[in-house]
Amino acid sequence: MKLLAITESALLPDCDALFAELGVHETRVTSMRKAINRLKSEAFDAVLCEFEYGYGNDYAGVTISNLDVMLYSLQKYSPDSKVIVVVQKDEMQYIDKLTALFEIHAVLPYPAPRQALREAVAGC
């Protein structure tokens, strides 16, 4: 399985041992721009990313979070990818806004419990 991990902060846990155990080939990038560029050239089975709610981040009011643009790109370049999102507990109240627009395979609270992460990745 090929997984794209987008780590813009420290929310994503170190998953090297888990990924090796599950036979996951991880590609890690540190920004949404790099993720989108990677998606243009390679399809992934899964995308693991961090949700950050956009508290009034644009004047048009069209984006919900840091993930919107990447998720639209994912629909175009790798539509079969499953998305696993890690969310801080205080932002969990906003995740429904994202799931209303995009199909999300799994939403995990931060810190992501290892077993929940295992099940989410194995289900991709």
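The values are calculated or read from the model by the stated rules, or taken from the named source; none is laboratory data. Computed from a predicted structure; not experimentally measured. Heads up, the Cβs are rebuilt from the backbone with ideal geometry, glycines too, and the neighbour counts pull from every protein chain shown.
Please go through the stretch 96-107 and give me each residue that is among the aliphatic types (A, V, I, L, M) and modelled with pLDDT of 95 or more, ordered by number.
If we filter the stretch 96-107 for residues that are among the aliphatic types (A, V, I, L, M), which is where we start, we get 98, 100-101, 104, 106-107.
Of everything in the stretch 96-107, those that are among the aliphatic types (A, V, I, L, M) and modelled with pLDDT of 95 or more turn out to be I104, A106, V107.
I'm trying to understand the selection: among the residues of the stretch 87-96, which are surrounded by 14 or more Cβ atoms within 10 Å (Cβ to Cβ) and out of contact with any helix residue (DSSP H, G or I) (no Cβ under 6 Å at 6 or more places or on another chain)?
Correct list: Q88, E91, M92, Y94, I95.
Inside the stretch 8-18, can you point out the residues that are in contact (Cβ under 8 Å) with a residue 24 or more places away in the chain and either surrounded by fewer than 18 Cβ atoms within 10 Å (Cβ to Cβ) or touching a Phe, Trp or Tyr at 6+ places or on another chain (Cβ under 7 Å) (or both)?
E8, S9, L11, P13, L18
Would you mind listing the helices (runs of 4 or more DSSP H) fully within the stretch 1-99 where at least 1 residues are under 21 Å from R114 (Cα atoms)?
Filter on the stretch 1-99 gives 16-22, 95-99.
If you take the residues of the stretch 103-124 that are free of Cβ contacts under 8 Å to residues at least 60 places away in the same chain and farther than 13 Å from F51 by Cα, which of them is surrounded by the most Cβ atoms within 10 Å (Cβ to Cβ)?
Within the stretch 103-124, the first condition is being free of Cβ contacts under 8 Å to residues at least 60 places away in the same chain, and the residues that meet it are 103-109, 113, 115-116, 119-120, 123.
Now restrict to residues that are farther than 13 Å from F51 by Cα: 103, 105, 113, 115-116, 119-120, 123.
Working: E103: 12, H105: 16, P113: 11, Q115: 8, A116: 14, E119: 12, A120: 21, G123: 11.
Among those residues, the one meeting the criterion is A120.
So, of the residues in the stretch 72-95 that are within 21 Å of K40 (Cβ to Cβ) and of a type in the set (K, R), which turns out to be modelled with the lowest pLDDT?
K76
Go through (1) free of Cβ contacts under 8 Å to residues at least 60 places away in the same chain; (2) within 14 Å of V121 (Cβ to Cβ) for L3 and report which single condition fails.
All conditions are met except number (1).
So which residues in the stretch 93-102 are under 14 Å from Y53 (Cα atoms) and aromatic (F, W, Y), if there are any at all?
Once the filter is applied, which keeps residues that are under 14 Å from Y53 (Cα atoms) and aromatic (F, W, Y), the stretch 93-102 yields only Y94.
Collect the residues in the stretch 12-71 that are within 12 Å of the chain's Cα centre (by Cα) and modelled with pLDDT under 85, keeping them in residue-number order.
Scanning the stretch 12-71 gives a single hit, L12.
Could you please tell me which pairs satisfy a Cβ distance under 8 Å, a separation of 6+ or placement on different chains, a first residue in the stretch 69-95 that is within 15 Å of C124 (Cβ to Cβ), and a second residue that is of a type in the set (S, T, N, Q) and modelled with pLDDT of 95 or more?
Final answer for the pair search is L74/S81.
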